[in-house]
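Contents: one structure, followed by commentary.
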Amino acid sequence: MNNLFSKITRERAWTRREFLRTAAGATGATFVSQFHPLMASVEIHRRKTVVVTFGGGARDEETFAPQGQENIPHLLNELIPQATFCTQLVNRGILGHYVATASLATGVYETFDNFANVAPSHPTIFEYYRHALGRPADDAWVIAPSNGFNRIGQSSGIKFAPGYGAQVILPKHLLAAALGPDHPRRDDLNFLLQDSYENPLSTPVMSHTDVSISRLSEILHVSLEEFTRHAQTLSSADELSVYVMRQLMRQLAPSLLWITLHDMDVAHSGAYSLYIEGIQRTDRLCGEIWQAIQSDPEYHGRTTMFILPDFGRDSDFDVSGNGFQHHRTGDPLSRTTWMMALGPHVRPNFTVDRPLDSLDLVPTLGALLDFPTPFAQGKPIAEVI
Amino acid sequence: MQPSDLKEQNFDHYPPEARALAVENLATLRRVPFALLPVLLCEVIDYDWRFPAEQRALDRQFAYLRELSPSSFAALMAPFAGILLPPKFAATDWVNQPQRFSERLSTDLWSTLQIDAYRKAATQYQNRLQAATPEKAPAVPRFAIVVVGQGVAQTSLPLFRPLRPHGTLFTSVQPEHGLDRLVQFMNQRAADHPLAYSHWYIDGGIPIADCGSRQGITLTSYSALAAAALEELNLTNKFVEQAAQRNAANAETVQSFIAALGLEDLGLERNVSDRVLRHFEVKVLTEGAGTQVFSTTFVQWSAREALRRAQPLTLLTRYAPRQRMAPMDELLKRNPLQQATDAEGSLIDADMGAYYTWINQSRLPGSEDARFLVWYEGHSVALAIAPSMARAATSDEHADMDKILGWMT
């Protein structure tokens, strides 16, 4: 089985590497020669970081494999040519979206119940960052996709002084608050409030929220009417998240911004067409986020963006799974995914083929921004820092 | 209670055949490690409602385990014996509620990061069983037929892409009477090989007449089960509301509630002429994600389960347009048969579903001789996989369904 694991992960890496070489039309030597260490010109305290994770991984078959490339034109044509691309990111933890995303944020494989309302046990990247660099609360934000993520910004405090977490914003909560139970357009906008695709029956749709309307206006500097009016122009919950992210960037310009997109997890319903739509939308939104960074003077030229799925989905060929629908088998493909990094200091069009661990993200961010991450168990990715 | 403590009376609440099987193999069961035994009992407790192929497989498994020497038995079970479980598990009623135990086991294995070790143990165990007790290939080649695209007048979708390397794509099929011919083909195979649960027809909408139990065919359809699916959703929504009031609604309790739903709960006890099939349908609705709300998911998952469990000689699946996507809370409350449909999206779902049906058929004994046909209903495109068909080939030869079936057989 271990041999099989190694064999399959090697094959995945080959697929991505070969694609990159043919699609990007470049070689490793070219990449290195094009590299200019622009980061040196950006003082550390002015650097900003944006992390985009996908809660509901996408497989190679629907993305980087030849038949899947049509689904990700923005990742392929706009972002990868500018990125360092890590072809093997292995998640060895629990394959549930909240616990896995929490693990990405702590650098430790968290082991709590994925569906429980609990905080991560270990310090988060936000706490390390704010504590070490003395940053204010408004400098670190998480834009989270669902109810279950509302405690991801701050660890339980057992291992680290409390009070340094990120502010967590749940766009669906904001919209629910803005609409209220009796808003005449509430039924029309219910599709933006969908909380979970994995256990929809055990996760009631949000009808109540503790987020006040005044807080909404304060954070986003938009009126209730503007917010709901804009929501009516959107086609998915992830679009709502990206809209909120852009408002945050404009109003507060946080230096550490983490957003988790979730639309593609509709795959749990078994409808392949909806899963593909989710991937295509996520691809477009990634392009829009990068464009937003480039067009905002507060972010342009000083921002590193990381994009990574939290994990993959089951292989078509694992007998205990049902292909794209779930991520329950723990098979190599459901554990193996990728990561790309873009920014002024990052080598463009560069590929990292060696196996990396999902836990490497936190130490890498720490190394980039110059703060320690003592409880994190991964290692900084040398090719990115 | 530990496995070594098992006694005959522990199985008093099992259905008759299941109890007899457990009692007959009591000495073996007592030696199975705790991490495996309740999983095995999930199979045993449903023995009375299992398909013949499943019963044969379980019988072979016990026969194999009984004949192993003590040292070989211990070696086979060693990986499971190495799985550490919390002591509180022994206090649960794992004999009578093995399914619930399995859910807790899964949660514990993930949270203790033992899932990979368990997966490895399970794979080794299955490989050993298959090597020691191989199932014979069927007397006639299996034949699976998938019909997709109902309601889609034309499409730009490049159909059957993942299947093309394995067979011949026909681009000039004469579609007239194609469906009738496929039904005749099904019925003829059922007449020629009259074995229980060996010929299946699964429809995502209203099934075609004259292709059912009278013809010796096991028939299930989304239109017939939509009411049961809606009842399941209603019951679960009520349970969640009540549990939420007690602050006790969580994924595990909801999952256990759904898993415990039976024929009576879903209103399927009224048609008990085929109790084994009704139990299959309950499993499809209670264990399959999305089978309740999307007819395309229902067809794909039912085909997967029928192939895995019943190992049929013949399978015909026909996709119908599913309801349009909507907010999940609406999907979980409304009648799926009374909604606007998404025919284009359903074709994409079905195209992938056809690929999965081929994969699942390929896992069965005799796969090297199996036949597979997928057809864009009412149109001129079909793909055939068979030993006699060229791989990765395209044919524009004019052919009706009879001709293609003839080439395949």
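The values are calculated or read from the model by the stated rules, or taken from the named source; none is laboratory data. What you see is a predicted model; the values in this text were computed from it and never measured. For neighbour counting, all protein chains shown are included, and Cβ atoms are generated from backbone atoms with ideal geometry for every residue, glycine included.
Considering region A:62-84, the residues that are hydrophobic (A, V, I, L, M, F, W, C) and more than 23 Å from residue A:324 (Cα to Cα) include one that is surrounded by the most Cβ atoms within 10 Å (Cβ to Cβ), namely A:83. Please verify whether residue B:262 is surrounded by fewer than 19 Cβ atoms within 10 Å (Cβ to Cβ) and in a loop (DSSP other than H, G, I, E, B), treating the condition exactly as stated. In short, yes. Of all residues assigned to region B:153-162, at least one qualifies as being closer than 25 Å to residue B:367 by Cβ and surrounded by 20 or more Cβ atoms within 10 Å (Cβ to Cβ). Looking at region B:314-349, which of its residues are closer than 13 Å to residue B:147 by Cα and more than 7 Å from chain A (Cβ to nearest Cβ)? Correct list: B:315, B:316, B:317, B:318, B:319, B:320, B:321, B:346, B:347. Within region B:147-167, which residues are among the aliphatic types (A, V, I, L, M) and either more than 18 Å from residue B:377 (Cβ to Cβ) or more than 14 Å from chain A (Cβ to nearest Cβ) (or both)? Matches in region B:147-167: B:147, B:153. Restricting to region A:101-145, count the residues that are small (Gly, Ala, Ser) and touching a helix residue (DSSP H, G or I) at 6+ places or on another chain (Cβ under 7 Å). Of the residues in that region, 4 qualify. When both residues are 6+ apart or on different chains and their Cβ atoms are under 6 Å apart, which pairs have a first residue that lies in region B:201-213 and is surrounded by fewer than 16 Cβ atoms within 10 Å (Cβ to Cβ), and a second that is not in a loop (DSSP other than H, G, I, E, B)? Matching pairs, first to second residue: B:206/B:223.
Which number in (1) within 12 Å of chain B (Cβ to nearest Cβ); (2) at pLDDT 90 or above; (3) farther than 21 Å from residue A:353 by Cα; (4) assigned to a loop (DSSP other than H, G, I, E, B) marks the one condition that residue A:122 misses? Here residue A:122 clears every test but (1).
Within region B:134-152, the set of residues being closer than 30 Å to residue B:73 by Cβ and surrounded by 15 or more Cβ atoms within 10 Å (Cβ to Cβ) comprises B:137 only. When you scan region B:274-282, do you find a residue that is under 22 Å from residue B:54 (Cβ atoms), outside any helix (DSSP H, G or I) and of a type outside the set (Ser, Thr, Tyr), even just one? Looking for residues that are under 22 Å from residue B:54 (Cβ atoms), outside any helix (DSSP H, G or I) and of a type outside the set (Ser, Thr, Tyr), one finds at least one in region B:274-282, hence yes.
If I filter region A:81-97 for residues that are modelled with pLDDT under 90 and over 18 Å from the mean Cα position of the chain (by Cα), do I get at least one hit? No, every residue in region A:81-97 fails to be modelled with pLDDT under 90 and over 18 Å from the mean Cα position of the chain (by Cα). Mind listing whichever residues of region A:301-319 are within 14 Å of chain B (Cβ to nearest Cβ), of a type in the set (A, V, I, L, M, F, W, C) and either over 30 Å from residue B:353 (Cβ atoms) or surrounded by fewer than 21 Cβ atoms within 10 Å (Cβ to Cβ) (or both)? Selection gives A:317, A:319.
Taken residue by residue, region A:320-338 has at least one member that is more than 14 Å from chain B (Cβ to nearest Cβ) and either in contact (Cβ under 8 Å) with a residue 24 or more places away in the chain or surrounded by fewer than 20 Cβ atoms within 10 Å (Cβ to Cβ) (or both). When residue B:234 is tested against (1) surrounded by 13 or more Cβ atoms within 10 Å (Cβ to Cβ); (2) modelled with pLDDT of 90 or more, exactly one condition is not met: (1). The residues of region B:107-116 that are touching a residue at least 24 places away in the same chain (Cβ under 8 Å) and either surrounded by fewer than 17 Cβ atoms within 10 Å (Cβ to Cβ) or within 10 Å of chain A (Cβ to nearest Cβ) (or both), listed by number, are B:107, B:109, B:112.
The criterion of at least 1 residues that are under 21 Å from the mean Cα position of the chain (by Cα) is met, among helices (runs of 4 or more DSSP H) falling completely within region B:284-399, by B:295-310, B:343-362. For region A:42-59, does any single residue satisfy the condition of being within 14 Å of another protein chain (Cβ to nearest Cβ), at negative phi and modelled with pLDDT of 95 or more? Scanning region A:42-59 turns up no residue that is within 14 Å of another protein chain (Cβ to nearest Cβ), at negative phi and modelled with pLDDT of 95 or more. Could you please give the count of residues in region B:198-214 that are in contact with a strand residue (DSSP E or B) (Cβ under 6 Å, 6 or more places away or on another chain) and either hydrophobic (A, V, I, L, M, F, W, C) or part of a loop (DSSP other than H, G, I, E, B) (or both)? Summing the residues that are in contact with a strand residue (DSSP E or B) (Cβ under 6 Å, 6 or more places away or on another chain) and either hydrophobic (A, V, I, L, M, F, W, C) or part of a loop (DSSP other than H, G, I, E, B) (or both) in region B:198-214 gives 5. Do we find a residue being at pLDDT 90 or above, surrounded by 15 or more Cβ atoms within 10 Å (Cβ to Cβ) and aliphatic (A, V, I, L, M) anywhere in region A:204-215? Looking through region A:204-215, none of the residues is at pLDDT 90 or above, surrounded by 15 or more Cβ atoms within 10 Å (Cβ to Cβ) and aliphatic (A, V, I, L, M). Scanning region A:256-286 for residues that are hydroxyl-bearing (Ser, Thr, Tyr) and surrounded by fewer than 24 Cβ atoms within 10 Å (Cβ to Cβ) yields a single hit, A:273. Every test in (1) touching a residue at least 24 places away in the same chain (Cβ under 8 Å); (2) surrounded by fewer than 20 Cβ atoms within 10 Å (Cβ to Cβ); (3) within 14 Å of chain B (Cβ to nearest Cβ) is passed by residue A:298 save one, and that test is (3). Scanning region A:147-169 for residues that are surrounded by 24 or more Cβ atoms within 10 Å (Cβ to Cβ) and closer than 21 Å to residue A:214 by Cα yields A:166, A:169.
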